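Colleague: Starting off with a structure, shown below.
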Amino acid sequence: MEFETVIGLEVHVELLTKSKVFCSCTTEFGGEVNTHCCPVCLGMPGVLPVLNKKAVEYAIKAALALNCEIPEFSKFDRKNYFYPDLPKAYQISQYDLPLARKGYIEIEVDGKPKRIGINRIHLEEDAGKLIHEEGKSYSLVDLNRTGVPLIEIVSEPDIRTPEEAWLYLNKLKTILQYIEVSDCKMEEGSLRCDTNISLRPKGSDKFGTKVELKNLGSFRAVRRSLEYEERRQREILEQGGVIVQETRRWDEARGITIPLRSKEEAHDYRYFPDPDLVPIVIDREWVEKLKSELPELPDAKKKRYMEEYGLPAYDAGVLTASKALANFFEECVSQYHDPKTVSNWVMSEMLGILNETGREVDEIPFKPEQLVKMLKMIDSGTISGKIAKEVFRDMFDTGKDPEAIVKEKGLTQISDEKELEKIAKKVIEENPKSVEDYKKGKEKALGFLVGQVMKETRGKANPQLVNKILKELLG
Amino acid sequence: MKISIETVEHVANLARLYLSEEEKAEMAQTLSSILDYMDRLNELDTTDVPPTAHIVPIKNVFREDVVKESLPREEVLKNAPEKERGFFKVPRIIED
Ligand SMILES: [Zn+2]
């Protein structure tokens, strides 16, 4: 039997507010243990949480960027459960009236756009951090993250492959980074993802039994764990078995999922409205104002790059996948006449070096102007395209101006005909065999001779000129 | 509506309450009578009454996103029965 995979994602994202969602403690990452806490986030009796307006605005902006509807009325509820990272024994969250509903993210599958629905987005508070040291009979708790604002983004079960899940996550991250509401760093826990996956006979409209996956430390882990789980469930079903509804943990080192010991009654949260927090009423004017503050989003930017700059879809997609990269590119283009040339340099040389060195766009030690200067030096014939690559790498290492590098290293292109003629003659003398070949009509031999002149000049000769001179000398 | 002893035990467990057999019986009865009263309220026609999440007619109480000083760590940990290296120390939570 052929099966269809159904995947849903729940993504938690920490918002970039300066203070926590219900108190004035800092949200700064990595402070001394238990020093970003106050009576409110410690859940002391008698305290009163007060909602951070910025957290609401960031959540609404995220919702708008993800094409959601923003209902007028929204409220907070208490989600009750006992866990040592949750000092109040309830999490302030939203149950039946979330801030946003019915959105979507567009991804590209086999060159065609596909919409993945978003069921809801709600605002809630983060929990603290638990540390389980090996061999100890106790756990340690740090409450610095307790009360940091989070949004939970719940997808519709529209995802059909692990690849689509991966694309969805990347797109989500790009959009949230564009609108600057979260830095989405999985390694710092500011973006977390749980998934659920089930299989059903192809063509069926009923869902199969789903399994939830946890402990996904990277987008790659999300994809690999889904691939593993898809295989595991298919094998069980093909042998006539049944899937047990359960939560499984991804074991990154072993590349498998294993059942989490199920906590009985874990899902009985007994939600009820939080009497400490009054409802939020979002008038349309407020929504419009926030909408007007949104920057150009990645899809719109990609489209513009194709139309305005005449870039191929692939280039436009790569350049707009990160806001920092798009900004760098646009800075260059505003000072240089040919976007495609800029795109080529950014996409091949720049991204190549970034990948190789594991650096981020914002760590590039030179400014867009400096890249533009270098491009202009190629245009004016001061350096060859080949030498430019060397100069470019040097700019990455030192942050120096291209002029300074060319001057220091003596890389200026040799366009002096007399000097080149001298070298060309020498090369002709030393390579009688190639000369003979060329005269017999082998065009390739000329290329070899040009190469030899380039070698003699350590790449500094103007290649067009060398070509011309050689042809003249060889008659 | 009849609340069973099992339901009382379930809810007590969720709330980490430890009840004696007599208390369980008493709770079952008290909760049943509260729910019966709710059933009586349900007889009222509330078609045109919006659901009430809050009894006070206030909305949109916000604070600005301004950081203020947190508590010194000694204060934070003051009520902790056990602590270590600045952390709260709790019974081990088994994750897998
Ligand atoms: Zn606090």
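The values are calculated or read from the model by the stated rules, or taken from the named source; none is laboratory data. Given the structure is predicted, the values throughout are model-derived calculations rather than measurements. So basically every Cβ, Gly included, is an ideal-geometry build from the backbone, and we count neighbours across all protein chains shown. In case anyone asks, the SASA skips ligands and DNA or RNA and just uses the protein heavy atoms, side chains included. Shrake-Rupley method; radii C 1.70, N 1.55, O 1.52, S 1.80 Å.
Colleague: In the stretch A:40-61, what residues are more than 7 Å from every other protein chain (Cβ to nearest Cβ) and not in a helix (DSSP H, G or I)?
Modeller: Result: A:Val40, A:Cys41, A:Gly43, A:Met44, A:Pro45, A:Gly46, A:Val47, A:Leu48, A:Pro49.
Colleague: What number of residues within the stretch B:54-71 satisfy the criterion of being farther than 22 Å from A:Glu57 by Cα and either surrounded by 11 or more Cβ atoms within 10 Å (Cβ to Cβ) or in contact with a strand residue (DSSP E or B) (Cβ under 8 Å, 6 or more places away or on another chain) (or both)?
Modeller: As a first pass, look at the stretch B:54-71 and keep what is farther than 22 Å from A:Glu57 by Cα: B:54-57, B:69-71.
Filter once more, keeping what is either surrounded by 11 or more Cβ atoms within 10 Å (Cβ to Cβ) or in contact with a strand residue (DSSP E or B) (Cβ under 8 Å, 6 or more places away or on another chain) (or both): B:54, B:70-71.
Residues in the stretch B:54-71 being farther than 22 Å from A:Glu57 by Cα and either surrounded by 11 or more Cβ atoms within 10 Å (Cβ to Cβ) or in contact with a strand residue (DSSP E or B) (Cβ under 8 Å, 6 or more places away or on another chain) (or both): 3 in total.
Colleague: Under 7 Å between Cβ atoms, which residue pairs at least 6 apart in sequence (or on different chains) link something in the stretch A:132-144 that is loosely packed, with under 12 Cβ neighbours inside 10 Å with a partner that is assigned to a loop (DSSP other than H, G, I, E, B) and not acidic (Asp, Glu)?
Modeller: From the stretch A:132-144, the pairs are A:Ser137/B:Arg92.
Colleague: Let me ask you something else. Can we say A:Leu64 is within 16 Å of the ligand (Cβ to nearest atom), touching a helix residue (DSSP H, G or I) at 6+ places or on another chain (Cβ under 9 Å) and open to solvent by less than 40 Å² (accessible area, probe 1.4 Å)?
Modeller: On the way: within 16 Å of the ligand (Cβ to nearest atom): no; touching a helix residue (DSSP H, G or I) at 6+ places or on another chain (Cβ under 9 Å): yes; open to solvent by less than 40 Å² (accessible area, probe 1.4 Å): yes.
Spelling it out, it is not the case that A:Leu64 is within 16 Å of the ligand (Cβ to nearest atom), touching a helix residue (DSSP H, G or I) at 6+ places or on another chain (Cβ under 9 Å) and open to solvent by less than 40 Å² (accessible area, probe 1.4 Å).
Colleague: Another question, then. Evaluate the following for A:Glu57: is it at pLDDT below 95 and open to solvent by 10 Å² or more (accessible area, probe 1.4 Å)? Don't jump to the end; show me each part of the working.
Modeller: Numbers: at pLDDT below 95: no; open to solvent by 10 Å² or more (accessible area, probe 1.4 Å): yes.
So A:Glu57 fails the test.
Colleague: Tell me which residues, restricted to the stretch A:146-155, are open to solvent by 10 Å² or more (accessible area, probe 1.4 Å) and closer than 15 Å to A:Ser182 by Cα.
Modeller: Correct list: A:Glu152 only.
Colleague: Please go through the stretch A:313-348 and pick out each residue that is under 23 Å from A:Glu390 (Cα atoms) and at pLDDT below 90.
Modeller: Passing the criteria: only A:Ser348.
One line per residue, one yes/no per condition, for (1) in a strand (DSSP E or B); (2) modelled with pLDDT under 90:
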{"site": "A:Lys88", "(1), (2)": "no, no"}
{"site": "A:Pro98", "(1), (2)": "no, no"}
{"site": "A:Gly103", "(1), (2)": "yes, no"}
{"site": "A:Glu108", "(1), (2)": "yes, no"}
{"site": "A:Ile116", "(1), (2)": "yes, no"}
{"site": "A:Ile121", "(1), (2)": "yes, no"}
{"site": "A:Glu133", "(1), (2)": "no, yes"}
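Colleague: Of everything in the stretch B:72-96 that's within 16 Å of the ligand (Cβ to nearest atom) and among the basic types (Lys, Arg), which residue is surrounded by the fewest Cβ atoms within 10 Å (Cβ to Cβ)?
Modeller: Filtering first and then ranking leaves B:Lys78.
Colleague: Could you pull out the residue among A:Glu28, A:Glu32 that is under 25 Å from the mean Cα position of the chain (by Cα), farther than 23 Å from A:Pro273 by Cα and within 12 Å of chain B (Cβ to nearest Cβ)? Lay out the reasoning, then the answer.
Modeller: Working: A:Glu32 fails: under 25 Å from the mean Cα position of the chain (by Cα).
Every option except A:Glu28 fails the conditions.
Colleague: Within the stretch A:2-25, count every residue that is within 13 Å of the ligand (Cβ to nearest atom) and either under 30 Å from the mean Cα position of the chain (by Cα) or hydroxyl-bearing (Ser, Thr, Tyr) (or both). Spell out the reasoning first.
Modeller: Initially, the stretch A:2-25 is screened for residues within 13 Å of the ligand (Cβ to nearest atom), giving A:17-25.
From the residues that got through so far, the ones that are either under 30 Å from the mean Cα position of the chain (by Cα) or hydroxyl-bearing (Ser, Thr, Tyr) (or both) too are A:17-22, A:24-25.
Count: 8.
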